[in-house]
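Worksheet for the structure shown next.
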Amino acid sequence: MHPAFSVIFLTTLLGAGQGLYLAMVTGQLYAVARFLPVQEDQFYAIGSLVALVLLIAGLVASFFHLGRPERAWRAAAMWRTSWLSREVIVLPIVMALVFAYAVAHWMEWTTPLFQLGAALQVDSTLLLGLLGTLASLALFVCTAMIYAGVKFLQEWHTPLTVSNFIFLGAASGFMLAAAYSAYIGNPLVTFFGTWAVILTLAGLASRLAHLSRNAHLKHKSTVQTAIGVRHRVLFQKAQGATGGSFNTREFFHGQSQAVVDTVRYLYLILVFPIPMLLIGAAYVTESQSLPIAAFFAQFIGLLAERWSFFAEARHPQNLYYQSVA
Amino acid sequence: MTQLALVIDLNVCVGCHACVTSCKEWNTSGWAGPMVDQNPYDGSPTGTFFNRVQTFEVGTFPNTETVHFPKSCLHCEEPPCVPVCPTGASYKRPDNGIVLVDYDKCIGCKYCSWACPYGAREVDEQQKVMKKCTLCIDRITDAKLSERDRKPACVLACPTSARLFGDVHDADSEVSVAIRERGGYQLMPEWGTKPANHYLPRQKIRIHIDQDELTRVDNPLRREDLTDYTGEETLDDVAW
């Protein structure tokens, strides 16, 4: 598949935004449970607003993928059958909840609404946080299922696509939360950093399982089934156009295998070991800048990871477009 | 239920591209606006086509065979491109089974093209919407045309009659009979998309001619048989 930068930025920015928001809610939950010191409301508010900015940036990126962006509102119509339509519905819900969570913290609407059990004071931020968490997880599933749901792209048609999107998105978000805490000199950097490393390790396990699965993948379609001629020696001589077509532009990445391999090694280094080492070094040296470097290294790595995700998927229609003349 | 479709006879297709040009001509001048070309007279011409003829070579020289393979939307009975469309622009007509795109609803997200294993859909680079074969829906449903002309442009243009058009759900239609009696098959059956279009396979026509058949036994103009027989069995000796 051709890796479109609009979709690469859409999926990575949304992942980081949702992850940062999940990190904020996780931080608040830990504080409610008194595992962590309670933060000022502004900490959660600004963190969620940064998450909202990332979500908006992802949404803007997605418009560059559309031929007719002015009609994008129509995309909410077919939610019964289309994961893309479901994403289009869930994304604004997540954005609204993230915004409401930020506003509730900013305005300090933290008077308990009711009490659960002996000590749990439930206020509006906690309720919005829980709703937003559910919506964020739903958005991860919708975004990933757009790819995992296409059975013809066998490289994508696996639950590992969904787990990759969830773990890698959440990891980059928690990494950003650690960077944010480090930037403002908040001691939560260790907490977010630890979770970022755990999620990065989960993402590593999931992505390596995905790579190993795809390395042994047997494609269902062959050029024999594509044109229905039973002969082992079958070569294309002409594809009906000499100057290429939509089919050659959309479904081929156009790079050599060496480039694809390089990008794979690049993201395997940038997404996994480097951020974890930087976070570890930040823990030891109490550096304020290393968590920020860790986030940027991982995010750049994730751009490469998404590029590679597209480039490694081989569409069966390519069997009809193997040779020009 | 009606399911209109094409049946393409690979045995007689000569790869002349008349179906490609007639398709482009009819549909680019039609109600839905032009099928745009870029650099039509330049080094890398490209453009929107509903139908393309590809060529494959089977076997190793000298035992090779050239297969010309016209390829267009197969109007699947289980079209995987329809449910993924977020706007409902892609739909399958309930009355005749043709898969169509509503160009006024399409947002050009290209998701349907990912969900088509045949690569039958192409984005129009100027209108920025997804396009595909309509089986000349404006032509075959036009009651003002004579019955003979109410067929897709490609079918009417084919000089070898390699393209048959009709209802594959009607067991007695020309296309159903062709599929049934001449080994019509579907492309990529492994995906369960149930393409309505079928292809008729190449058929080698071999005739075996005996020397006996070249010479009429009762040919009045036949030369006298001047062979010297030495007692071997001849055709005349065989008891039938």
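Readers should treat all values here as calculations from the given coordinates under stated rules, not as data from a laboratory. Predicted model only: the values in this text are computed from it and were never measured. Quick reminder, even Gly has a Cβ in these numbers, built from the backbone with ideal geometry, and neighbours come from all protein chains shown.
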Radius, Kirkwood style, for segment A:5-319 when every pair of distinct Cα atoms is counted (Å): 21.1
Candidate aspartates and glutamates - alpha carbon under 18 Å from B:Lys204, same-chain residues fewer than 8 apart omitted: B:Asp9, B:Glu57, B:Glu65, B:Glu181
Candidates A:Leu20, A:Leu29, A:Leu290: whichever shows maximal mean-square fluctuation once chain A is modelled as a Gaussian network with Cα springs under 10 Å: A:Leu29
With Cβ to Cβ distances under 9 Å as the rule, what net charge do the other residues near B:Arg139 carry (K, R +1; D, E -1)? -1
For segment B:52-95, calculate the relative contact order in percent as a whole number, restricting contacts to Cα pairs under 8 Å that are 6 or more residues apart. 27
With a Cα-only, solvent-free Debye model of chain B, what are the log10 I(q)/I(0) values at q = 0.12, 0.13, 0.15 Å⁻¹? -0.73, -0.83, -1.07
Determine by what factor the alpha-carbon radius of gyration of segment B:1-113 differs from 2.2 N^0.38 Å, reporting the quotient. 1.28
Between segment A:1-79 and segment B:155-176, what is the C-alpha centre distance in whole Å? 53
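Under 13 Å from the Cβ of A:Glu70, count the other residues' Cβ atoms, weight Lys and Arg +1, Asp and Glu -1, and hand me the total. Present the calculation step by step, with values, prior to reporting the outcome.
Details: positive: A:Arg68, A:Arg71, A:Arg74, B:Lys105, B:Lys128; negative: B:Asp104.
After counting each charged neighbour, the total is +4.
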Cβ charges +1 (Lys, Arg) and -1 (Asp, Glu), total dipole of segment B:146-221, debye: 380
Under the definition of Cα pairs under 8 Å and six or more residues apart, what whole-number percent is the relative contact order of segment A:5-319? 20
If you bin the C-alpha pair distances of segment B:120-232 every 5 Å from 0, what whole percents do you get? 2, 8, 10, 14, 14, 10, 7, 5, 5, 5, 5, 5, 4, 3, 2, 1, 0, 0
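Starting from the eigenvalues of the Cα gyration tensor, five times each then square-rooted, give me the equivalent ellipsoid semi-axes of the protein assembly as shown, largest first, whole Å. Please report the intermediate quantities before stating the final value.
Details: eigenvalues 771, 142, 77 Å².
Computed over the protein assembly as shown, the values are 62, 27, 20 Å.
Report the local net charge at A:Ala104: Lys and Arg +1, Asp and Glu -1, summed over other residues whose C-beta lies under 9 Å from its C-beta.
Numbers: positive: none; negative: A:Asp41, A:Glu108, A:Asp123.
So the environment of A:Ala104 carries a net charge of -3.
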Give the aspartates and glutamates whose C-alpha is closer than 15 Å to that of B:Lys151, dropping any in the same chain fewer than 8 places away, or say none. B:Glu25, B:Asp138, B:Asp142, B:Asp167, B:Glu174
Calculate the length of the line joining the C-alpha centroid of segment A:176-214 to that of segment B:88-151, in whole Å. 46
According to the Cα gyration tensor, what semi-axes, each the square root of 5 times an eigenvalue, does the equivalent ellipsoid of segment B:42-100 have, listed from largest to smallest in whole Å? 33, 18, 10
Which lysines does B:Lys110 reach when only Cα atoms under 17 Å apart count, and residues fewer than 8 places away in its own chain are ignored? A:Lys151, B:Lys128, B:Lys131, B:Lys132
Got the relative contact order for segment B:4-200 handy, in percent, Cα pairs under 8 Å and 6 or more residues apart? 29
